[in-house]
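Below is one structure; the comments refer to it alone.
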Amino acid sequence: AVVSTQSTGEKQWRPLYRKLHPELSAQKDPLNHYHPITMEISSEHIRSDFVSLVAAEDDRGRIDPNRDTMLIGLHACGDLTSLLLQTFLKCPSLRSVVSIGCCYHLITQTKQTDYFLSPSEHKKKLSDPTSIHAFPMSRFLQENLIFFSRNALNLAQQAPERMARSGTLPAQNLFFRAVFQVLLTEQFPGPISMNVGHSATKASDFVSYTRAALDKLKLSTSLSDEEISSYLRRFEGTEQRKLVVFYQLRTLLTRVIEHVILIDRVLYLADNNVTARAIRVFDPVISPRCYAIVASK
């Protein structure tokens, strides 16, 4: 039986599978063995009886916890890939694992960086024996004190192949945000929040962008539309082109950072006497997070 923690899986995949294999009757349809089970997965599930815990959620008794089982994570967000790998090592009946990670900016590091957590929150999480420390996992990276900043982890989320295929960059909003930073620095001296978020990304011009961003930051200004536009004109041309070049150079590091994270996970499994590989399984243009950690024991 195939078990999923996503109850929408059957609705999504059954029509596609039947379209690809119209020769199969309902009786022979392999997806008749697909049994979606919805349950929350947390660090508390890193136990030797993980499959038994899942089986307990199956009210029809379709899962045999004593059978060899494969653990699969499709775009396992943030710390979830690390949790899956630790669970795979802990549970004897889990004989193989395939995990495609994503959302690297949400992984928890074992060192306080400019991450989302405050220092006190991070210290509390590290002292919790049930918490997941998703990076670094391997002895080699831990011993060599390899860590990433929040900016680096965000960069690992980019899609360089997709950008290369389309031949475009998010230049306008990127440029608007850079110019807005200058406006903030000059018009609002002193410590203020710089987190604009996505509230202004749909703005069609810089004035609209600035007004929306200021609303987001709960700031007011007496600047006229013309005065706001003058900031944009000040940096258009050469400075804008420099920003695009910088963004292109920066994007080249995307795969470097991602591969360090992948190698760390492979080395972690090797530390535990499990041979693993990082394999590209998707077209990176369609799915930028296209590498799977594959291992068996």
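The values are calculated or read from the model by the stated rules, or taken from the named source; none is laboratory data. None of the values given here were measured: they were computed from a predicted structure. Cβ atoms come from the backbone with ideal geometry, glycine included; neighbour counts cover every protein chain shown. For accessibility, only protein heavy atoms count, side chains too; no ligands or nucleic acids. Shrake-Rupley method; radii C 1.70, N 1.55, O 1.52, S 1.80 Å.
Computed quantities for the displayed model
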quantity	calculated
Residue-count net charge about Leu269 - beta-carbon cut-off 11 Å; Lys, Arg +1, Asp, Glu -1	+1
Protein accessible area in the stretch 179-297, 1.4 Å probe - carbon and sulfur %	56
Glu227/Leu53 FRET efficiency (R0 41 Å; Cβ-Cβ; nearest 0.05)	0.10
Contour minus Cα-Cα distance for Ile146 and Ile72 (0.36 nm per residue)	23.9 nm
Å² of accessible area per residue within the stretch 138-197, as computed with a 1.4 Å probe and no ligands counted	57
Average accessible surface area per residue within the stretch 59-110, 1.4 Å rolling probe, Å²	45
